[in-house]
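Here's the structure we're looking at; comments come further down.
No value in this document is a laboratory result; all are computed from the given coordinates. The structure displayed is predicted, hence computed values, not measured ones. Quick reminder, even Gly has a Cβ in these numbers, built from the backbone with ideal geometry, and neighbours come from all protein chains shown.
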Amino acid sequence: MALLQWSEKLSVGVIEMDRQHQRLVQLINHLYDAMAAGKGDDVKKQVLGELVTYTKVHFAAEQCLMREHGYPHLIDHERLHDQLTAKVVELNEKIQSGKMVPSVSLGTFLKDWLVTHIVEEDKKYGQYIRVPVG
Ligand SMILES: [Fe+2]
Ligand SMILES: [Fe+2]
């Protein structure tokens, strides 16, 4: 069973960003399934590499969008993105160097890593963009 399920609860109300979040959900599920099924290291490494790359693409796109709309909390949001990127890069380095990471703790980490950020932070810019203040 998939670790994460996309639902309207995760929607930030911006179609392109929802689409990118869905892609991240897909990559995390793919990685989790590969780990849970005891797939070879190459599969995990490849999917995690893709996750790192796509994370950077997505964060850059969000920052661009926030900048375009004059979102007032851009700097704070960028800082959070930097922290999230560092965490996934660190995880990637662990996996690439062959360290064991239990699939349960990895799953919990990634779920929290993505969902918490969307619900607690991304929804704020979604709200701001949809209902501009002033
Ligand atoms: Fe996001
Ligand atoms: Fe974000």
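Key figures for this structure:
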item	result
Overall form of the chain per C-alpha gyration tensor (a/c, 1.5; a/b vs b/c)	prolate
Amide H contacts of VAL12 (H built 1.01 Å from N, under 5 Å, at least 5 apart or other chain)	ASP18
Eligible lysines near LYS39 by straight Cα distance, threshold 21 Å, same-chain separation 8 or greater	LYS94, LYS99, LYS111
Residue (of GLN46, ILE75, VAL57) at the positive-pole extreme of the range 38-83, dipole from beta-carbon charges	GLN46
Angle in degrees between helix 74-96 and the longest Cα principal axis of the chain, rounded to the nearest 10	10 degrees
Nearest 10 degrees, 0 to 90: helix 41-68 Cα axis against the chain principal axis	10 degrees
Relative packing of 85-91, 50-56, which averages over residues the other C-beta atoms within 10 Å, highest first	50-56, 85-91
Reach of LYS87 by Cα under 13 Å, taken over aspartates and glutamates that are not fewer than 8 positions away in the same chain	ASP112
